[in-house]
Amino acid sequence: MADMDLTKLKIDKSLRSSAPLKRRGRTVWWLALAAVLAALLIAVIVVARPVTVESATVSLVYPSQTFTLLNASGYVVAQRKAAVASKATSRLEWLGVEEGSRVRKGEVIARLERQDVLAARGQAAANIETARASMEQMRAELNDATLNFKRMQDLLPQGVVSQSDFDTAEARYRRAKAALDGSKSAIDSAQAALQSAEVAIEYTLIRAPFDAVVLTKDADVGDIVTPLGAAANAKAAVVTIADMGSLLVEADVSEANLEKVRVGQPCELQLDALPEARFRGVVHMIVPTADRSKASVMVKVRFSNIDSRILPEMSAKVAFLERAARPDEQQPKMAVSPAAIASLAGNKVLFVIRGERVTTVEIKVGKPIGELVEVSGPVKAGDKVVLKPLAKMKNGVRVKLPEQ
């Protein structure tokens, strides 16, 4: 070992220089791969990021909106309405109607207890018979008194009877005649009492004053019904009815806009309870007085055709039209803002927002309706569409609406 030549020991420099080159190559390769992955990730993020867009809504509009002069609100009111009661005070014995029942004029809808008035009628009828029997008796007495008086008149000049006998016969004749007249008056009085009893019985029958529909039931069987309703727990009315043929809309029109309204003017009526329907109407009356507190005048609008779904006290909106709507203008149209319509491959399209993405829907464009334009296609009222869509907008793109 001591004899070994140390000068022969040395390091191979070729091996030392090749290792760092290999490590640097692997590092560059990993850096390139990381850059590619980062670019792909950024691209995915950019593509997946939702586009902020403005939106518009597809609406169901009526062409008459383009020639509406004025809009007002009001309520449906029955012009013929009655709280049906009785002039008699008694207990309600029978009720033959309920809410929604249709009644005819003169129809009995309720009945009160009436045993007392029935007894009074029987007594009045008996009194008539008694008066008639008494009159027959008085008539017979008068006949006898008349014969005797005439006989005395014939015998007195002959001196057969005395003057006192003649006077007695004359007095009897006059009494019988007066008694007969009194019996006739008694019959008239008894007949009047019978008629009064009949009227009292009629008061216990509550009848409909006109053709109508029952709106409310105000009393039940067993309740005390009195004309004034002053007694505790007493009812003044049995039912409330209304003539459905007399329904009008009473709307308040501002004094400043009254010049736009005239009698006979065509109108369009919409009820909050029936938003899908529009009803034709005309101005029936402008009430000739103003409401000082509201600075308005009441205008009554008559329905051209009464619908069975229209009920009193429903809230309504009235559109006073410049002219009557034509038949083709009475049906609603689908319309949208013109700024929402885009061109794609030569076709007109809407970008309908469904969830977080848009769906391309091909449509046909019709006539303008005010600030909107008529459209037809696979869209419905209430659909949200992209307003002013970008040229790069495509089917399936994620979108979001600006925060309110």
Fill in: Total residues in region 74-131, condition crowded, with 18+ Cβ neighbours inside 10 Å and free of Cβ contacts under 8 Å to residues at least 12 places away in the same chain
0
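Kindly provide the set of residues from region 160-189 that are assigned to a helix (DSSP H, G or I), among the small types (Gly, Ala, Ser) and closer than 24 Å to Lys150 by Cα, ordered by number.
Our first condition is that a residue be assigned to a helix (DSSP H, G or I); within region 160-189, this holds for 163-189.
Now restrict to residues that are among the small types (Gly, Ala, Ser): 164, 169, 171, 176, 178-179, 182-183, 185-186, 189.
If the condition is that a residue be assigned to a helix (DSSP H, G or I), among the small types (Gly, Ala, Ser) and closer than 24 Å to Lys150 by Cα, then Ser164, Ala169, Ala171, Ala176, Ala178, Ala179, Gly182, Ser183 are the ones that fit.
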Worksheet entry | Filtered residue count, region 77-120, keeping only those that are within 12 Å of Leu205 (Cβ to Cβ), within 33 Å of the chain's Cα centre (by Cα) and outside any strand (DSSP E or B) | 5
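Conditions tested, residue by residue: (1) without any contact (Cβ under 8 Å) to a residue 60 or more places away in the chain; (2) over 18 Å from Asn71 (Cβ atoms); (3) in a loop (DSSP other than H, G, I, E, B); (4) not charged (D, E, K, R).
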| position | (1), (2), (3), (4) |
| --- | --- |
| Phe210 | no, yes, yes, yes |
| Gly222 | no, yes, yes, yes |
| Ile241 | no, yes, no, yes |
| Val249 | no, no, no, yes |
| Ala256 | yes, no, no, yes |
| Cys267 | yes, no, no, yes |
| Pro275 | yes, no, no, yes |
Item to complete: Any chance you could count how many residues in region 48-67 are surrounded by fewer than 15 Cβ atoms within 10 Å (Cβ to Cβ), among the aliphatic types (A, V, I, L, M) and assigned to a strand (DSSP E or B)?
Response: 2
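Check region 327-338 and report whether any residue there is closer than 20 Å to Leu269 by Cα and among the basic types (Lys, Arg). Before you say what the answer is, go through the steps one by one.
Start the filter on region 327-338 by keeping residues that are closer than 20 Å to Leu269 by Cα, which leaves 327-334.
In the following step, the residues that additionally are among the basic types (Lys, Arg) were identified as 333.
Within region 327-338, one or more residues are closer than 20 Å to Leu269 by Cα and among the basic types (Lys, Arg).
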Discussion item. Return the pair list, or none, for Cβ contacts closer than 8 Å from residues in region 286-305 that are not assigned by TED's automatic domain parsing to the domain that holds Asn257 to residues that are in a strand (DSSP E or B) and surrounded by fewer than 16 Cβ atoms within 10 Å (Cβ to Cβ), at least 6 apart or on different chains.
Written reply: none
Item to complete: Search region 155-173 for residues that are in the same structural domain as Ala145 (by TED's automatic domain parsing) and pair each with any residue that is charged (D, E, K, R) when their beta-carbon atoms are under 7 Å apart and the residues are at least 6 apart or on different chains.
Response: none
Practice prompt. Might you check whether a residue that is modelled with pLDDT of 85 or more, surrounded by 11 or more Cβ atoms within 10 Å (Cβ to Cβ), among the polar types (S, T, N, Q) and outside the structural domain of Arg280 (by TED's automatic domain parsing) occurs anywhere in region 377-396?
Written response: no
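Which residues, taken from region 285-310, are crowded, with 17+ Cβ neighbours inside 10 Å and of a type outside the set (S, T, N, Q)?
If we filter region 285-310 for residues that are crowded, with 17+ Cβ neighbours inside 10 Å, which is where we start, we get 296-303, 310.
Selection gives Val297, Met298, Val299, Lys300, Val301, Arg302, Phe303, Ile310.
So, restricting to strands (runs of 3 or more DSSP E) that lie completely within region 310-404, which ones have at least 2 residues that are of a type in the set (A, V, I, L, M, F, W, C) and touching a helix residue (DSSP H, G or I) at 6+ places or on another chain (Cβ under 7 Å)? First the steps, then the outcome.
Values: elements: 315-321, 333-336, 342-344, 347-354, 357-362, 364-369, 372-376, 384-387.
Where strands (runs of 3 or more DSSP E) fall fully within region 310-404 and carry at least 2 residues being of a type in the set (A, V, I, L, M, F, W, C) and touching a helix residue (DSSP H, G or I) at 6+ places or on another chain (Cβ under 7 Å), they are 315-321, 384-387.
Mind counting the residues in region 169-188 that are of a type in the set (Asp, Glu) and buried (at least 18 other Cβ atoms within 10 Å of the Cβ)? Working first, answer last.
Going residue by residue through region 169-188, those that are of a type in the set (Asp, Glu) are 170, 181, 188.
Now drop any that are not buried (at least 18 other Cβ atoms within 10 Å of the Cβ), which leaves none.
Qualifying residue count, region 169-188: 0.
Take Ala192 and decide whether it is hydrophobic (A, V, I, L, M, F, W, C), out of contact with any helix residue (DSSP H, G or I) (no Cβ under 8 Å at 6 or more places or on another chain) and part of a helix (DSSP H, G or I). Quick ask: steps written out before the conclusion?
Details: hydrophobic (A, V, I, L, M, F, W, C): yes; out of contact with any helix residue (DSSP H, G or I) (no Cβ under 8 Å at 6 or more places or on another chain): yes; part of a helix (DSSP H, G or I): yes.
Yes, satisfied.
Give the residues of region 262-302 that are in contact with a Pro (Cβ under 9 Å, 6 or more places away or on another chain) and of a type in the set (D, E, K, R), sorted by residue number.
So the first thing to find is which residues in region 262-302 are in contact with a Pro (Cβ under 9 Å, 6 or more places away or on another chain), and the list is 276, 278, 280-283, 297.
Residues satisfying the conditions are Glu276, Arg278, Arg280.
The values are calculated or read from the model by the stated rules, or taken from the named source; none is laboratory data. Keep in mind it's a predicted model, so treat the numbers as computed, not measured. Cβ: placed from backbone, ideal geometry, glycine included. Neighbour counts: every protein chain shown.
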